[in-house]
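A short write-up of the structure that comes next.
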Amino acid sequence: MDIFKNNSLSVSCGPGSVPYLHEEIRHLGFRILSEHNRGVEVEASWEDAPRLNLCLRTALHVMYPLKKFSCRGPDELYREAAVLPWEEIVDPDEYVSVVSTVDTGRVKNSMFAGQRVKDAVVDRLACTRGQRPSSGPGRDNVVLDLFWSGDTCWLYLDTSGSKLSDRGYRTKPHAAPLRETLASSLLLAAGYDGSVPLVNPMCGSGTLAIEAALIALNRAPGLLRDNFGFMHVKNFDEKKWRALREEMNGRGRGELPARIIATDIDGRAVDAAKNNAHAAGVEAFIEFHVCDFAETPVPREKGICILNPAYGKRLGAEIELGREYRRIGDFFKKKCPGHTGYIFTGNPALAKQVGLRASRRLVFFNAGIECRLLEYRLYE
Ligand SMILES: C[S@@+](CC[C@H](N)C(=O)[O-])C[C@H]1O[C@@H](n2cnc3c(N)ncnc32)[C@H](O)[C@@H]1O
């Protein structure tokens with residue numbers, strides 16, 4: 001059985017990011033087979049997984065389907081998983097982890113379902129190779145994903161391993177940082193391609209500005225990581241992988257087409273943002289300032305101004321924040337005419353305080369909270 005002959009990959013993303021993930025994949029030259037609210041199925045082979053992992057900015061996991069089967073209980077799950085030729089996939093020296101999501105009455109908890117798959121893998125390798133691989137919760141080596149819904153199971157090899165949002169540059173998170181993949185989705189939703197200036201007041205730990213720099217420099221975000229799930233699978237071709245990284249490295253630009261400006265009133269936030277930008281290799285491309293957002297230098301050339309203000313839940317905080325949101329509206333009107341303004345917030349009442357009419361309202365989720373990316377066309 002050639003376990004690596006399937007011709008589809010399942011790529012997941014955060015809620016709200018599907019259109020941008022779809023566009024990214026299409027742009028890489030792949031055909032989308034289907035789409036759902038947390039990702040897409042792509043016509044692509046096992047060999048394509050490294051490229052997708054390296055290039056995609058909005059994806060969380062790239063998964064290779066091993067098997068879909070009907071399943072009515074944990075014993076059947078074990079039997080179905082054990083017939084896969086694990087000796088062709090996993091070296092017994094590797095470490096295996098199984099992540100499971102269940103929505104079925106056939107099993108009491110998802111951990112137990114994952115445990116049965118892990119047992120099947122380990123027992124089969126003990127039988128065929130005379131050695132049991134170690135296993136546990138870490139996602140640094142071979143990662144399997146089990147989805148069990150009703151009477152159907154899907155078993156995947158997670159070619160990413162840990163989430164692709166873990167780029168590895170955020171050495172110093174500040175207050176409430178955005179997930180890197182969400183920041184990229186917001187920028188792509190704003191139509192940012194690096195060709196116009198990007199202004200990011202209230203930058204916090206700098207995620208939006210850093211992701212913007214990676215987009216503008218055409219740098220594949222995966223180049224910042226040195227570990228992916230596919231690297232631990234038996235047929236990993238290190239030579240091809242090195243050549244692909246070199247090819248992607250060669251595609252990056254050495255200069256920014258337009259300025260990126262990031263500011264925050266808190267000097268510690270700007271320090272953290274600079275550190276993170278340094279770790280991402282883009283510090284030299286971002287202009288940082290410590291200042292009130294209203295003092296942010298805004299280029300005359302038309303561009304994008306994007307803010308992610310706090311959206312506190314306490315009443316006192318809301319009154320105080322309401323004043324800040326009104327000030328953002330004034331800042332947009334006075335300092336940003338000709339630009340397109342964006343506010344990313346999880347608080348609709350505060351968003352109303354901006355006092356401008358939004359031309360678009362896009363729904364995303366940030367740490368489980370429904371949020372909106374609000375767009376304001378700021379006419380001259
Ligand atoms: C929700 S955080 C932004 C998080 C950021 N998007 C990230 O990914 O790290 C809001 C930021 O606004 C900053 N801030 C609050 N009031 C400000 C003001 N008046 N002027 C400038 N920055 C301000 C805070 O210091 C904080 O870093």
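The values are calculated or read from the model by the stated rules, or taken from the named source; none is laboratory data. Please read these numbers as outputs of a predicted model, since none were measured by experiment. Cβ coordinates were reconstructed from backbone atoms using ideal geometry, including for glycine residues, and neighbour counts include every protein chain displayed. Accessible surface is based on the protein model in full, side chains and every heavy atom, while ligands, DNA and RNA are left aside. Shrake-Rupley method; radii C 1.70, N 1.55, O 1.52, S 1.80 Å.
Of the GluC sites (Glu not before Pro) found in region 225-264, those that fall in a DSSP loop while having at most 15 other beta-carbon atoms within 10 Å are E255. Rank L28, L125, Q353 by how far each Cα sits towards the positive end of the charge dipole of the chain (+1 on Lys, Arg Cβ; -1 on Asp, Glu Cβ) and give me just the farthest. It is Q353. Putting +1 on Lys and Arg Cβ atoms and -1 on Asp and Glu Cβ atoms, find which of P65, A176, C291 reaches farthest to the positive end of the dipole of the chain. Of the options given, the answer is C291.
Entry for region 50-97 at q = 0.19, 0.25 Å⁻¹: log10 I(q)/I(0) = -0.87, -1.01, Debye formula applied to identical alpha-carbon scatterers, no solvent contribution.
For the chain, relative contact order (Cα pairs under 8 Å, six or more residues apart, normalised by length) works out to 15 percent. The residues packed around V107, meaning those with a beta-carbon under 12 Å from its beta-carbon, carry a net charge of 0 if Lys and Arg are +1 and Asp and Glu are -1.
Which value, in debye to the nearest 20, gives the size of the charge dipole of region 178-257 about its Cα centre, when Lys and Arg are +1 and Asp and Glu are -1 at the Cβ?
For this selection, approximately 240 debye.
The Cβ shell under 15 Å around H174 holds other residues with a net charge of +1, Lys and Arg each +1, Asp and Glu each -1. Between L157, L54, L66, the residue with the greatest mean-square fluctuation in the GNM of the chain (Cα pairs under 10 Å linked by springs) is L66. Distance between the pseudo-spin-label points of K302 and E35 (7 Å out from Cα toward the beta carbon): 2.7 nm.
When the solvent-accessible area of the chain is split by element, carbon and sulfur atoms take up 49 percent of it, the probe being 1.4 Å.
Under a 1.4 angstrom probe, counting protein chains only, how are R170, R242 ranked by accessible area, largest first? Before the final figure, lay out the partial values.
On the way: R170 60, R242 145 Å².
Greatest to least solvent exposure: R242, R170.
Which residues among region 22-41 fall inside the zone where the amide N is under 20 Å from a point 7 Å beyond the Cα of S149, along Cα→Cβ? Residues passing the 20 Å test: 22, 32-41.
The charge dipole of region 314-380, taken about the Cα centre with unit charges on the Cβ atoms of Lys, Arg (+1) and Asp, Glu (-1), comes to about 200 debye, rounded to the nearest 20. The distance between label points at N235 and R106 comes to 2.7 nm (points 7 Å beyond Cα on the Cα→Cβ vector). Ranking Y95, L217, Y342 by Cα position along the charge dipole of the chain, where only Lys, Arg, Asp and Glu carry charges on their C-beta atoms, puts Y342 farthest toward the positive end. Where is the GNM fluctuation largest for the chain (alpha-carbon springs, 10 angstrom cutoff): V40, V18, V83? With Cα springs under 10 Å in the chain, the top fluctuation among V40, V18, V83 is at V83. Taking every alpha-carbon pair under 8 Å whose residues sit at least 6 apart, region 117-169 reaches a relative contact order of 24 percent. Among the listed pairs K5/K240; K67/K163; K68/K118, those with a Cα-Cα distance over 20 Å are K67/K163.
Across region 73-180, the mean sequence separation of Cα contacts (distance under 8 Å, 6 or more residues apart), normalised by length, yields a relative contact order of 29 percent.
Using only side-chain charges placed at the Cβ, +1 for Lys and Arg and -1 for Asp and Glu, the dipole size of the chain relative to its Cα centre rounds to 960 debye. The stretch between E247 and R326, if pulled fully straight at 0.36 nm per residue, gains 23.7 nm over its current Cα-Cα span. In a solvent-free Debye calculation with one equal scatterer on each Cα, what is log10 I(q)/I(0) for region 152-250 at q = 0.12 Å⁻¹, listed in the order of the q values? Taking Cα atoms of region 152-250 as identical point scatterers yields -0.50. Electrostatic tally near K239: other residues with Cβ closer than 12 Å to its Cβ, Lys and Arg +1, Asp and Glu -1, net 0. Normalised by residue count, the chain yields a Cα convex hull volume of 145 Å³ per residue.
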